[in-house]
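Heads up, the thing below is written out as structure tokens.
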Amino acid sequence: MPVNSSDKNYDVAVIGGGMIGPAVAVGLLERGLDVCILDEADDVLRVARGNFGLVWFQGKGFGMPRYVEWTRRSASLFPGFAQELRESTGVDIGLAQPGGLELLLGDEEEARRRHYLGQIYQQGGGARYEVEFLDRKQVEEMLPGVRLGDGVTAASYSPLDGHVNPLFLLRAMHTRFRQLGGAYLPHHHVSGVTRRGSAYELQTAGGIVSAGKIVIAAGHGLRDLGPPLGLDVPIRPQRGHILVTERTQPFLPMPMSAFRQTVEGAVMLGVSAEEVGYDDSINTATLQTIAERAGRIIPALRQLNIVRTWSALRVLTPDKCPVYVESRTHPGIYAIASHSGVTLAAANAKVASGWIAGEPPPPEFEAFGLERFDAEATA
């Protein structure tokens, strides 16, 4: 049963029950802090429940080397994180990290991809970047038994890439949170925050909640919550669609950026990016584009029936890189925003939570503040 919000004060109140909030909350509880999660009802935009499920390294961090490092760190932490969740909760999140492919149609796509990834590599000053290009023959050797479409010419590959069942990941983190004594408070939409002595009081739909620190990990809710607290984080929604096929025999040995096969046998298809504001309706033309491209890349996908589809709204910053910041006007209130809630879950639980708890910030965080957006505005 949820703990009544008036029962006690908390060391940290985490606003948001999606991918980011529970990951950070679990890490805080493991450090001995008393934590609650303030969540809303199921009628709000829940990005976590529309996630594709990739743990993805390649292509992250364009224009920001520190994001490359942060993504690499989380990918490396994921096996241990998944094992801990499985052993403590009994929930297997289905982590598999056999590497991942971005399959490319034609010389023009390949050239664009080489240029893009080359820029990420160069911005790192020659530091390691675990991504390589494979020609068609090498791709075929990596995907035995899979017939590629005639237009597939090459692929980019990273051994750090993988995937999970995102709903099982969410369930495992919430289960672990409760096991460690965390208080989950649903139907607690936060309408305001007031300083009271050494703590903050949060006005919520479920009553007043008091906490020494606050973490705003509320996705799109950050737009309203942040500015009055000195956290004017520029975020915008971007719509993405996912299609799911009927179940079939396993034939895809690794995930790809646009499709992956689940352990149950279904194939999930993506990826789309539409700037439509807060419209999360289904665009059938977009679904057709996704399906047609998937069939061009792997013709066998054309034989599978689509059984369901949905759309969700990513949380994007202007540079598509994450924000981890403490308010200057309200010390002890933090904001975290990212569209990579699955990929960064392990780092959020194991490292970012330490920053909230008072440990020195990881070196990557020097790039994740709000100053970079001020620089863009004055450039």
Worksheet item: Given 203, 249, 238, which one is in a strand (DSSP E or B), without any contact (Cβ under 8 Å) to a residue 40 or more places away in the chain and not hydrophobic (A, V, I, L, M, F, W, C)?
Response: 203
Item to complete: Output the number of residues of the stretch 324-344 satisfying the condition of being among the small types (Gly, Ala, Ser) and closer than 16 Å to residue 358 by Cα.
Response: 3
Worksheet entry | Filtered residue count, the stretch 117-131, keeping only those that are surrounded by fewer than 15 Cβ atoms within 10 Å (Cβ to Cβ) and closer than 18 Å to residue 258 by Cα | 0
Practice prompt. May I ask you to list the residues in the stretch 272-288 that are in a helix (DSSP H, G or I) and touching a strand residue (DSSP E or B) at 6+ places or on another chain (Cβ under 8 Å)?
Written response: 286, 287
Item to complete: Scan 353, 340 and give me the residue that is in the same structural domain as residue 30 (by TED's automatic domain parsing), closer than 20 Å to residue 52 by Cβ and either touching a residue at least 24 places away in the same chain (Cβ under 8 Å) or not hydroxyl-bearing (Ser, Thr, Tyr) (or both).
Response: 340
Practice prompt. For the stretch 80-116, name all the residues that are among the small types (Gly, Ala, Ser) and either without any contact (Cβ under 8 Å) to a residue 12 or more places away in the chain or more than 21 Å from residue 143 (Cβ to Cβ) (or both).
Written response: 80, 82, 88, 90, 111
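Residue-wise test of (1) touching a helix residue (DSSP H, G or I) at 6+ places or on another chain (Cβ under 9 Å); (2) over 28 Å from residue 193 (Cβ atoms); (3) free of Cβ contacts under 8 Å to residues at least 24 places away in the same chain.
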{"residue": "295", "(1), (2), (3)": "yes, yes, no"}
{"residue": "298", "(1), (2), (3)": "no, yes, no"}
{"residue": "325", "(1), (2), (3)": "yes, no, no"}
{"residue": "329", "(1), (2), (3)": "yes, no, no"}
Worksheet entry | Cβ-Cβ under 6 Å pairs, at least 6 apart or on other chains, the stretch 117-141 side not assigned by TED's automatic domain parsing to the domain that holds residue 105 and β-branched (Val, Ile, Thr), far side at pLDDT 95 or above and in a helix (DSSP H, G or I) | none
Item to complete: Inspect all residues belonging to the stretch 313-322 and state whether any of them is outside any strand (DSSP E or B), under 13 Å from the mean Cα position of the chain (by Cα), touching a residue at least 60 places away in the same chain (Cβ under 8 Å) and buried (at least 21 other Cβ atoms within 10 Å of the Cβ).
Response: yes
Discussion item. I want to confirm something. Restricting to the stretch 114-145 and keeping residues that are assigned to a loop (DSSP other than H, G, I, E, B) and farther than 17 Å from residue 68 by Cβ, which single residue is modelled with the lowest pLDDT?
Written reply: 145
Worksheet item: Mind checking whether some residue in the stretch 264-271 is of a type in the set (Gly, Ala, Ser), part of a helix (DSSP H, G or I) and within 16 Å of the chain's Cα centre (by Cα)?
Response: no
Worksheet entry | Any chance residue 37 is at pLDDT 95 or above, touching a helix residue (DSSP H, G or I) at 6+ places or on another chain (Cβ under 7 Å) and within 25 Å of residue 262 (Cβ to Cβ) | no
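The values are calculated or read from the model by the stated rules, or taken from the named source; none is laboratory data. No experiment lies behind these values; they were computed from the predicted model shown. For neighbour counting, all protein chains shown are included, and Cβ atoms are generated from backbone atoms with ideal geometry for every residue, glycine included.
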